[in-house]
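All remarks here apply to the structure that follows.
The values are calculated or read from the model by the stated rules, or taken from the named source; none is laboratory data. Given the structure is predicted, the values throughout are model-derived calculations rather than measurements. Because the Cβ atoms are built from the backbone with ideal geometry, glycine has one as well, and the counts that use them run over all protein chains shown.
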Amino acid sequence: VVLAATAPSFARLQGNYQLRSTAHRLVAAINLARMEAVQRRLPVSLCPAPEGGNCAGDLSQGWLLFHDADRDRQLDAGDEEVIVRAPGLPEGYSVTDRAGSSPATQAISYRPDGTVRRNQTLLLCAPAEHGIEPYAIVLNRVGRVRLAREEGLCPGAQG
């Protein structure tokens, strides 16, 4: 009886932990992009990239961090250095815009001074059946990134 009562709460706890660690992984990648841009004094982009591919898809499929010499937010063969290639998120997890209406498909590009073009909020969501509150990854024009809760609604969530 005790096992049956604690299993759902343990699954929720485990899902919450996985969501939090995934959020921190994405924030660390964004912070690395900023740091690399400032240190190199060159533009650096973080773009969605499926494993083994170039800039395409959405962030839940993985991402690519690279020196973006021509500032086009696309990795060009030969003249732009890949800094990090990261695998996708766990099955069922997603990264969307703040409204939860579309996947995060846009690159995040840092200028050499560590700033970005615009404010942006990404929503990191666990599978809907877990019923876990999403994390918002908030990026301001100065280039700082922070995590927040209660800043959006995931696709398929009731609310």
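Laid out as a table, the results:
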quantity: Filtered residues of segment 74-108 (kept if within 15 Å of Ala29 (Cβ to Cβ) and among the basic types (Lys, Arg)); calculated: Arg85
quantity: Qualifying residue in segment 119-128 (condition: more than 15 Å from the chain's Cα centre (by Cα), crowded, with 16+ Cβ neighbours inside 10 Å and under 20 Å from Ser21 (Cα atoms)); calculated: yes
quantity: For Gln39: the one exception among (1) at pLDDT 95 or above; (2) over 30 Å from Glu150 (Cβ atoms); (3) within 16 Å of the chain's Cα centre (by Cα); calculated: (3)
quantity: Enumeration of residues in segment 113-131 that are assigned to a loop (DSSP other than H, G, I, E, B) and touching a helix residue (DSSP H, G or I) at 6+ places or on another chain (Cβ under 6 Å); calculated: Gly114, Ala126
quantity: Unmet criterion (only one of (1) within 19 Å of Gln18 (Cβ to Cβ); (2) touching a helix residue (DSSP H, G or I) at 6+ places or on another chain (Cβ under 6 Å)) for Arg149; calculated: (2)
quantity: Count of segment 133-145 residues which are part of a loop (DSSP other than H, G, I, E, B), among the β-branched types (Val, Ile, Thr) and buried (at least 20 other Cβ atoms within 10 Å of the Cβ); calculated: 0
